[in-house]
Each structure stands twice: as C-alpha cells, then as structure tokens.
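One structure below.
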Amino acid sequence: MSSVVVYGDVSPNVIDGSSIWLMSVSEVLAGVFDEVHLQLKNYPQNRTLLESVDGLDNIHVHEPEGIARDAALSTQEAAHLVEELIEQTHASAVVVRGFQAVYDFCSYEKISSKLWAYVTDLPFPPSKLSPTKVQRLKYIAEHSHRIFAQTEAARSYWEALVPEAAGKVLLIPPMIPDYAFVEESSIQRADSETLRIVYAGKLAREWRTLEMLKLPRALKELGIDAHIDVVGAKFNKAKDDPQWAGMMRSALEEATSDPESGVTWHGALPRTESIEKIKKADLGFGWRSAELDSSLEVSTKALEYSAAGAVPIINETEDHQQLWGEDYPFFVRADDSIDVVAAKISQGLPNMDAARRSAKQASEYFSMGQARARFKQYFERTGALSEAVKRQGTRPCRLVVASHDLKFMGELMDFLVRNPLFEVRQDEWATLHTHDAEVSQELAEWADVVFCEWAGPSLAWYSNNLPSGTRLISRLHRFELNGPWMQEVNWENVETLVFVSDWVRTQAIERFGLPREKTMVLPNTVDTLDFDRSKNANAQFTLGLVGMVPFLKRPDRALDLIDELASIDKRYTLRIKGRMPWEYPHVWNDPVEKQLYLDFFERIARSEVLQAHVAFDPFSADIASWYRGIGYILSPSEIESFHLAPAEGMAARTIPVFWEREGVSEVFGEHAAGWTQETRIERILQNCDRKNFETNGRSARDFAKKWDIKAVIPQWENLLAGNQTASLVPGPKGNVPKL
C-alpha cells in the first residue's frame, strides 16, 4: 500500500492559484499512490474548494488539530501533524508547498528523507535574495529528497543559486483538469454579436484587473460589442497602495450594477463552474504588469483558458512565444494602454480560429493526465512506489562501501542507502592509500558484502583481511590497471570485478589472468530524466567540451575544430567547462603538462577567431542546465574508460562528436563511427537545419537510455544482494548466498 502526505501553506477558504494547486496536486497524486493524505492548514468554512477532491475515495482530508476553529496551523504545528500521519500511514513521500513550510519541515528527520519541496515564492532576480535566504535555500536543498520547480527557467535558477540542488530538481508544470479541454472539432467562435471575455483569478494590481474593467468600453469605441465575466473574490493588497484593494472591490461592484459597463462579477466559484464560464468565452484576459514578465512561472490561468477554448490575451515574453508561437495574434505588452490592448484584440479577431487551435496545442502538455504520468515516473524512479519484500526473521543485507572518492557513485549510493534491502555503512578512506585499519576490520567483521569503489589499495586490503564467507566485489575504472597494489590482491577472495566498459575488462583479464566469469560490465549511470530538458535557441551553433585536464583530454583538438567551423560560419562557438589546469597541483607542477597548457592558451590569445569563438565556463554542479545551451558535445580524448561527458550530453539530446580511440565504439556504437576532421565539419554543418538537429538529438538520447539509472541500477541490486536477500538467516551476521 503506497501513500503520500500533501501539505500546502495555504488556506482552503480562499480560492486562488495556490489553493487550486493544492487540490490539483492531490487529485493527480490520487492516480499515482494508493492513498493521498491531505493535511489542511485551516478548518474549512465550506466545501467550495474541496469539492474537486471530495468525490475521490483514496484522498483523505485531515483537518487541523489542537487549534481554534478560526485559527491556522503554524508551519511547526503542521510539521508535527505530518509526522504523525507518516507514522500512521507509512507514507513514502511528503509533498510540501511554501518557502517557510518547506524550510521548517526540513528540520524534522522523519519528514526530511521523504520531503518533495516546492518553493514557489523564489525571489527573482538574484539581487532580491538576501544572504540569509540563500542559506535557507541551501538548507532546503541539502535536507529535501527532491525539489520541484515549475519551469526550466526556475529549475536552472535553483541550480545556479544553490549547487546542492543540482540533480534533485524536477519539473512540476501547472496542472489543468482533463475535463477543461474542449474537443478540437468544437474549437470555433460562437455565433454571437457579443465578444465574450472572461477573467478568472485573483484581483491584483499586477494582473491589471482594474484596467480590465475599462476594456468593454474601449472595444465599443472600435465598434466591437464586448462583455467581461469576472470570476474570483480574492483581493490582493498592493504593496505601496493600501487603498488599492478597496478601489478594486468598489469598481467591480459599480461595474456590475451598471448595465452599460459590459462587466459581470460572479465572485468565487468552484473550479468546475469557473471552467464552464471559460468554455463559453471567446477570449481569456491575461494581461500583466512588467514586473511579472520576468517571473519564473507560467500562468496557470492562461493555460486553462487555452485548454477550454478561450483564446488568452497574454504578454509577449520569450516564454510565451515558445509556448504560443511567435506569430500569436493576441500578444500585448506590459506598457500598453487599455486602448492599445483593445486595438490589438480588434486586429487579432480575424485569426481567432487559428489562435484557438494554437492555444489548445500549447496547453496539452499541462493536462492532469500528462502530470499524472510525470509524477508516476518521478516517484517510481526514487523507489517511493516500490514495496520491499520483508519476511519474518530476516534482516537487510549488510553492505560496506569502501572508497576514497564516490564521484561516480552518486545515484547508486543514493539508491543503496534508501533501499530497505540493504543496511549500508561506509568505510571512508582519507586518500587512495590511507585508511583506519581498525575501523576497516570492524566493518569487515560486520558486513555480508564489501564493495570497493575503485580497485585501489582498498581492494588489496580487503581481499587479504576479509572473514570467510563474506563477499567481496569491486569496480575497476581504468587507472587501477597500472597500480602497484594490484600485485597484492588475493584474487581468490574477490567474487566479482566490475568494469564500466568491455575494453577495460579485456585489458584487466589479460593483465591479471582473471577468469572471465569473475568479471562483468556495468556502464556508468546517467539520470536521463534530469537531462531531459529543452534546448536553448542558439544550442545548434554551440559546441561543448567538459573537462580539459589532463592534456590527454586533448582540448587542442577542440580548438582545431572550432577554428575551422568559425571560418565557415561565424555563428559557431566553443564552450569549455571545468576546472583549469592550475587547480590541479599534480598537473601544474608537471613541466610537460604545464607547457602544453601554456601553448594552448597562447594559441587562443594569438588568434582573433579563437578569442571571439571560445569561452570558458567554471566547474559547477548544474551540468544538466548547462547542456541546454550545448548542441554538440566533444570527446577528443586520447584515452577514456567510458567518458561520461558525451553520455550525459546524449541524454540531453546533445549530438556527440568523437575522435578515434581504443574502446570508443564498444561504448558508443554507431554514434562513434566514421568520424574524421572532414566528417566532423560536414555533419555539424548539416545540422544548421533545426529539424535535422532535433532528429539527431533524439537519436542520441534514445541511445543514452541504455545507461539510465532504471536500466543499470537494478543490475547492481542483483549483484550486491544476489536478489536473494529474503533468504538471509537471522543471527549476529548472516551471509548472502553467492551468485
């Protein structure tokens, strides 16, 4: 039985975007989990908002406890109640909305490990962020299991502000009820002499709702009979004008009582009734002030208008152009006057039918059906929907992970720690060669399985100090092949040696005389979901190189390529991401390596072309966000065991560009075939056509799915646990049967 707890720091007695979101996410999660437990902040005064979830049997609404009927839960009080719900329901996930709520919930251990945090009120731009708020965001990132962001822009913003969030942020776009969508065959303007316009949402100065009331009269002066239906009863206070909310209410009441105004105010309505009003309208009013043009969110209401067949009047922003198209006829600007808005509406009316179809297509991605599929994928990938098989008298497999560096084990380590089949402890080696032998011995006595990440001195030590019956598994990347410690490994005590590519395995078998049955290939993992992000407009003219140290990475080859490309088409640029060579003392202190890099940088300094077309991006954790602007990922290295950079790039629909080296075809197959300097130039230029670029990007991503965590990590589970954990016998130790 899977269950989730949902809490939004919003009142169920006010109908606005936040409270509607709370109902929407609960409704969507009801199709993903067996049970949804919705904890309310306030006692509901009526069922207007809750009506949409009241009919769903697996949504359980929990009213506040321990407070007065007219009071509201503090975020701390809400956290205590959510902790109790976790205990009662064995919930595997907790979805929380609101900055303060998320921040406070992070302090509760029972919640933190299950917390899916949605911070909607992120200050933007960064200049509005205080150091205190940045630290709080960092705390949230470190103590949340996952983080939600509404748009790609918001996700990139999160990861740039808080590196700890990279790899944790998932998209949660607006959710439009499936019943809101009209059939395409019915998308046509109603036969009516009156142009019907609808506004549904909060009454706020930034939403131009006061100016909106003048629109019917402005249209009438252009010979257009128009009427506005206004749905909503939440009046937002203006920050610098305490009189504004009262003025708005008075203007609505006055307009509604005036038959000549062309305005009818309906007050707050349930979402179902609100959508019915929208379906009867020709246009949906979505004009906003300039300060909202830089918002990191998409207007849920504009999408709802689009789904229901009311063509939205919206600000012309880059995000809106991507969704509704550059030629959309009902774009307005924040600084337009009401007369200009009326004129643009008049000019757009002949294109109403086409605009309706365009708007509906833009909204389809945001349906609740699509949202349900996204959520199911999210929670499945993190194990929140899985049910571990537990039998009486059994215990988890005791697993020790020994390593000096876990940089290639991120997703795997997270999976193992959260998997109830394992009890994980780590033997942290201070360096490749340095460890606390006493601690290692204690862990060896405790373990059922020891896994040495890197076949380094840790493998040599454990192979000679492991108790009888304890399994020993290790992963060899590449550099270990030449390690002098390999002579000390007792191979009889090593059950399985794992490699990231068959090329490295072949070398190890030949060098150490290993039986092939003691080896296996498990590639590096890539979180293809994290890299599934839309490309920026100029990506097809941008080449990327991740990592230029040591010089075996051959960054000079990347300069050769961009030098020639830029001489053909000046739109091409090269971005090199990663740490500089002087940040690695062992490299910068090597006179040969140092001279190679000095020559490299001097070449750029002496070339006007390279100076104009080569840029350097610092090392950062938000690599998936960086790939949004990269069309081609270069792999010019002389030697690699696997090369994660092109694998991640391919997952991001970035086209890989290879140079010949041993083992490259075994890892990248057809994508590594036939590359010469001539074909590199030719293939890149062919992708000037956007359709070719997108087709080849999809092909690269399809190939990368073989490295996805969902494809690779189950193999690790079978290897480490033997897929027989349930047969572990009770007792002070207990061993996992050998494979």
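Numbers at a glance
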quantity: Top-ranked residue of the range 13-48 - restricted to ones that are of a type in the set (V, I, T) and at pLDDT below 95, ranked as nearest to A149 (Cα to Cα); calculated: I20
quantity: Criterion: under 30 Å from P618 (Cβ atoms) and at pLDDT below 95 - qualifying residue of V500, V546; calculated: V500
quantity: Filtered residue count, the range 150-168, keeping only those that are outside any helix (DSSP H, G or I) and hydrophobic (A, V, I, L, M, F, W, C); calculated: 2
quantity: Members of the range 562-614 found to be within 17 Å of L634 (Cα to Cα) and of a type in the set (S, T, Y), listed by number; calculated: Y572, T573
quantity: Selected residue (criterion: nearest to S11 (Cα to Cα)) from residues of the range 99-113 that are modelled with pLDDT of 95 or more and either part of a loop (DSSP other than H, G, I, E, B) or among the β-branched types (V, I, T) (or both); calculated: V102
quantity: Qualifying strands (runs of 3 or more DSSP E) (wholly inside the range 424-529; at least 2 residues being charged (D, E, K, R) and not assigned by TED's automatic domain parsing to the domain that holds E662); calculated: 471-476
quantity: Filter pass, E291 being charged (D, E, K, R), loosely packed, with under 15 Cβ neighbours inside 10 Å and within 34 Å of the chain's Cα centre (by Cα); calculated: yes
quantity: Identity of the residue in the range 276-288, more than 22 Å from L210 (Cα to Cα) and either in contact with a strand residue (DSSP E or B) (Cβ under 7 Å, 6 or more places away or on another chain) or in contact (Cβ under 8 Å) with a residue 24 or more places away in the chain (or both), that ends up surrounded by the most Cβ atoms within 10 Å (Cβ to Cβ); calculated: K279
quantity: Filtered residues of the range 663-674 (kept if surrounded by 13 or more Cβ atoms within 10 Å (Cβ to Cβ) and either under 19 Å from Q540 (Cα atoms) or charged (D, E, K, R) (or both)); calculated: E666, H671
quantity: The range 216-232: number of residues that are in contact with a strand residue (DSSP E or B) (Cβ under 8 Å, 6 or more places away or on another chain) and either farther than 26 Å from T272 by Cβ or not aliphatic (A, V, I, L, M) (or both); calculated: 8
quantity: Neighbours by Cβ (under 6 Å, 6+ apart or cross-chain): first from the range 248-275, without any contact (Cβ under 8 Å) to a residue 40 or more places away in the chain; second buried (at least 16 other Cβ atoms within 10 Å of the Cβ) and part of a helix (DSSP H, G or I); calculated: T264/T256; W265/L252; W265/T256
quantity: Some residue of the range 34-49 being under 31 Å from the mean Cα position of the chain (by Cα), assigned to a helix (DSSP H, G or I), surrounded by fewer than 17 Cβ atoms within 10 Å (Cβ to Cβ) and among the charged types (D, E, K, R); calculated: no
quantity: Odd one out for V521, checked against (1) at pLDDT 95 or above; (2) β-branched (V, I, T); (3) buried (at least 18 other Cβ atoms within 10 Å of the Cβ); calculated: (3)
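The values are calculated or read from the model by the stated rules, or taken from the named source; none is laboratory data. This structure is a prediction, so every number in the text was calculated from the model and none was measured. Here Cβ is always computed from backbone atoms with ideal geometry, including for glycine, and neighbour counts include all displayed protein chains.
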